[in-house]
Amino acid sequence: EAKRQGPGRQQFYEAALSAGAEQRLAVESGLRLAMAQRQFRLHYQPQLDLRDGTLVGVEALVRWQHPQWGLVGPARFIPVAEEAGLIDEVGLWVLMEACRQLRAWDAAGLHIPAISVNCSVRQLDADRLPAQVAAVLAATGLAAQRLEMEITESTLMRDPERAIAALLALQAQGVRLAIDDFGTGHSSLAYLKRLPVTRLKIDRAFVSGIGNDPNDEQICRTVIELARNLRLQTLAEGVEHAHEAEFLRNEGCDLAQGFHYARPLPPEALAAWLAAHRAEAAV
Ligand code: C2E
Ligand code: MG
Ligand code: MG
Ligand code: MG
C-alpha cells in the first residue's frame, strides 16, 4: 500500500515502521493511541461462488488510517500488535465492527450473506475468545452462522492442541471456521482431520501460478481434491485474472476472491460495487 503513495511518503513510512526497536516502540505507542482515537478502518472484499458469481460473503480486512502515515496495511502493524499484547483489543474491535457493519447492511436491505473475520492465533484462547464472540453476537444481533473466523494455517500448526480447543468452542456456538493461506503452513493431515473447519482458503501464491507454473496448478488441484475428500469448501484467494477463475472452476473449486472481482473496499464502495454486480447479473 505504501508503494503507491510516492517515494517521499514511502521513506517516511519505512523509517517509522520497519527499522529498529525505537521505531517499533513508536508504532506500538501509535497503536495504543489509534485504539483510543478510532483510527482503524475495515475494508471489505467480496467472496463469490465460482459457478454462478453470486456473493456468498465479504472478508473484513483491517487498515490503520494514520494522521501522518496515511492508510497503513495490516502486515505492517498486526505483527507489532501481536508482540505488544494489543492484538486482543484490536481483534475485538475488528470483530465488533465487522458484525455491526453486516447488521447495518441488513438494515439497509443489502443482503450480504456472511462476514469473514481474520483472527490472530494469539486470540485463539478457549477461555476467552468464545465468550467475546458470544458477547459480540448478542450485542449486534448477528446469527452465529453468518460469522466465519479465518486463522492462518502456519500459525494454527504452532500449537494445534490449543487451537483445536478454542475452535471447538467456537464451532459449538455455530460460528464457521476457515483455514487461511492454506498450502503454505505444513499442515499435518492428522490435525487437519480434527480441526472443526468448514473451508480451506487456497493461498494466493498458488493461484498466481495458474497458467505459468504447472507445479502451482498441481498444488491447486491437490488442495481442491483434499478438501473434497474431507468435505470442506474451497476458496481461492488472490484471483486476479479470468484464466485463473476458469481453471479453478473447471477443477471444482467452490469460491473465489480477488482483484479480478473486487479489491477490498470501504463500506460505501462495497455497497456500490454490490449494486452494480447484481444489476449485471440480472441482465
Ligand atoms: P489474508 O487474510 O490472507 O487476506 C488477503 C490479503 O490479500 C489482503 O491483504 C488482500 O487485500 C489481499 N488480496 C486480495 N485479493 C488480492 C489479489 O487479487 N491480488 C493481490 N495481490 N492481493 C490480494 P491485506 O488486506 O493487506 O491483509 C494482509 C493480511 O493481514 C491478511 O491476509 C490477514 O492475514 C491479516 N489481516 C487483515 N486484517 C486482519 C485482522 O482484522 N486481524 C488479523 N489478526 N489479521 C488481519
Ligand atoms: Mg483472510
Ligand atoms: Mg490469505
Ligand atoms: Mg495472507
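Laboratory data are not the source of any read-out in this text; all were calculated from the coordinates shown. Computed from a predicted model, the values in this text were never measured in an experiment. Because the Cβ atoms are built from the backbone with ideal geometry, glycine has one as well, and the counts that use them run over all protein chains shown.
May I have the extent of the alpha carbons of the stretch 135-204 along their three principal axes, as whole Å values ordered from largest to smallest?
37, 27, 16
Using only the C-alpha atoms of the stretch 142-256, find the volume of their convex hull and express it per residue in Å³.
Once divided by residue count, the hull of the stretch 142-256 is 98 Å³.
5 Å is the cut-off here: which amide hydrogens, built 1.01 Å from N in the peptide plane, fall below it relative to ARG199, excluding neighbours closer than 5 in sequence?
Those qualifying (amide H under 5 Å, at least 5 residues apart or on another chain) are LEU177, ILE179, GLN233.
Using Cβ counts within 10 Å as a stand-in for footprinting exposure, how do MET157, MET149, MET35 rank, fewest first?
Working: MET157 18, MET149 25, MET35 14.
If I rank by nearby Cβ atoms, fewest first, I get MET35, MET157, MET149.
Determine the calculated [θ] at 222 nm for the chain from helices alone, applying -39500 (n - 2.57) to every DSSP H run no shorter than 4 residues and normalising by the residue count; nearest 500 deg cm²/dmol.
Working: 12 runs with 139 residues, N = 283.
Taken over the chain, the calculation gives -15000 deg cm²/dmol.
With bins 5 Å wide starting at 0, give me the P(r) of the chain over every alpha carbon pair, in whole percents.
1, 5, 12, 15, 17, 18, 15, 10, 5, 1, 0, 0
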